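Q: Please read through the structure below; I'll follow up with questions.
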Amino acid sequence: MLLDGKTLSLKLKEELRENLNFINEKLKLVVISIGDDEASKVYINKKRLLASELGIEFLEIHYDNVTESDIIEKIISLNNDSSVTSIMVQLPLPKYLNEKRILNTINPFKDADGLSAMNLGKLVMNEDGIIPCTPKGIVKLLNEYNISLKGKNVVIVGRSNIVGKPLFNLLLNLDATVTICHSKTKNLGNYTKKADILIVATGVSKLIKKEHIKDGVIIVDVGINREDGKIVGDVDFNDVSDKVSYITPVPGGVGPLTVIMLMTNVLECYKKQNKM
Ligand code: NAD
């Protein structure tokens, strides 16, 4: 059975629209983008479109070439600008920039992506903070299908700061037994075969095949890879589909949820700033 992220994202959009109606001010999201990454342009346009559908003001500040100190100065001025509800920096950044330093300059209460050390630390400590969008979307999707996490063996493949690591902590906080694998893991299949829920975020197309999974597993495929003009995931969908109980399609699984969670986080930022 498909875990339909696209349909859920439409439902969440309507819920968010209603919640935004209770706010008298117009919220504003500022996206800082640097360089000319083609995929980033696509993602920014999706965010721009969704923000406009929800009546959230959207401003992209784009640099072709910029020094780290200029970006930091810009973020500080946005932190101090009371008309700005939320700030995010589109990743990946060009290699010459220090990503951690830049993300940590964002005021944690304006941190739409939840990727500053303060918000990631709160997640580790199971305290109330802004939760990164993709992990948050994955939990929403599992909840929607009444898939409980308590006591489940969840295996995550991929340990990035934006997906794997925050997801590990989020699922641990929800009482799952979580294992995280990565590019240096030996005998990946030994781990993935034990998973009740397998979540894959590697950027390696069709990495996971039927020999890596047990019967009845639930698979969440986070990967977005371009292959022969098509988008494919990190899981070989056709190969595994007979063996799984649930699986996300790519596209139409996790991707649409990531974008709607970003807008949810803009509202969260507003609430935190206003102690709501
Ligand atoms: P990343 O490159 O930062 O991290 C990839 C991780 O995968 C690393 O931890 C690495 O150790 C692991 N890995 C790589 N090859 C592996 C292998 N052969 N076996 C086991 N582990 C391996 O990537 P990321 O930013 O986390 O993104 C991962 C994928 O998810 C990409 O395809 C990206 O486009 C996609 N993504 C999708 C969404 C969404 O909303 N659907 C959001 C973020 C990322």
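The values are calculated or read from the model by the stated rules, or taken from the named source; none is laboratory data. Since the structure is predicted, the reported quantities are computational estimates derived from the model, not experimental observations. FYI the Cβ positions are ideal-geometry reconstructions off the backbone, even for glycines, and counts take in every protein chain you see. Just so you know, the surface numbers come from the protein's heavy atoms only, side chains and all, with ligands and any DNA or RNA stripped out. Shrake-Rupley method; radii C 1.70, N 1.55, O 1.52, S 1.80 Å.
Q: Scan the stretch 35-70 residue by residue and report those that are more than 20 Å from K272 (Cα to Cα), touching a Ser or Thr at 6+ places or on another chain (Cβ under 9 Å) and not in a helix (DSSP H, G or I).
A: Result: E60, I61, H62, Y63.
Q: Search the stretch 7-27 for residues being surrounded by 15 or more Cβ atoms within 10 Å (Cβ to Cβ), not in a loop (DSSP other than H, G, I, E, B) and not hydroxyl-bearing (S, T, Y), and hand back the single one that is farthest from the chain's Cα centre (by Cα). Please lay out each step first, then the result.
A: First, the residues of the stretch 7-27 that are surrounded by 15 or more Cβ atoms within 10 Å (Cβ to Cβ): 8-9, 12-13, 16, 20, 23, 27.
Filter again for not in a loop (DSSP other than H, G, I, E, B), leaving 8-9, 12-13, 16, 20.
Restricting the remaining residues to those that are not hydroxyl-bearing (S, T, Y) gives 8, 12-13, 16, 20.
On the way: L8: 15, L12: 15, K13: 16, L16: 17, L20: 21 Å.
This residue is L20.
Q: What do you reckon, is K100 open to solvent by 40 Å² or more (accessible area, probe 1.4 Å) and within 14 Å of the ligand (Cβ to nearest atom)?
A: Numbers: open to solvent by 40 Å² or more (accessible area, probe 1.4 Å): yes; within 14 Å of the ligand (Cβ to nearest atom): yes.
Yes, satisfied.
Q: Among the residues of the stretch 183-211, write down those that are more than 10 Å from the ligand (Cβ to nearest atom) and outside any loop (DSSP other than H, G, I, E, B). I'd like the intermediate steps shown before the answer.
A: Quick first cut of the stretch 183-211, residues more than 10 Å from the ligand (Cβ to nearest atom) only: 186-187, 189-190, 193-199, 206, 209-211.
Correct list: G189, N190, I197, L198, I199, K210, E211.
Q: Could you list, in sequence order, the residues of the stretch 123-179 that are within 16 Å of the ligand (Cβ to nearest atom), among the small types (G, A, S), open to solvent by less than 40 Å² (accessible area, probe 1.4 Å) and in a loop (DSSP other than H, G, I, E, B)?
A: The answer is G158, and nothing else.
Q: Let me ask something additional. Select, from S83, S33, S52, S77, the only residue that is buried (at least 18 other Cβ atoms within 10 Å of the Cβ) and of a type in the set (S, T, N, Q).
A: Values: S83 fails: buried (at least 18 other Cβ atoms within 10 Å of the Cβ); S52 fails: buried (at least 18 other Cβ atoms within 10 Å of the Cβ); S77 fails: buried (at least 18 other Cβ atoms within 10 Å of the Cβ).
After ruling out the rest, the residue left standing is S33.
Q: Follow-up. When residues of the stretch 215-240 are filtered for being outside any strand (DSSP E or B) and surrounded by 15 or more Cβ atoms within 10 Å (Cβ to Cβ), how many remain? Quick ask: steps written out before the conclusion?
A: Keep residues of the stretch 215-240 that are outside any strand (DSSP E or B), which gives 215-216, 222-224, 228-229, 233-234, 236-240.
Among the residues that remain, those that are also surrounded by 15 or more Cβ atoms within 10 Å (Cβ to Cβ) are: 222-224, 233-234, 236-237, 239-240.
The qualifying residues number 9.
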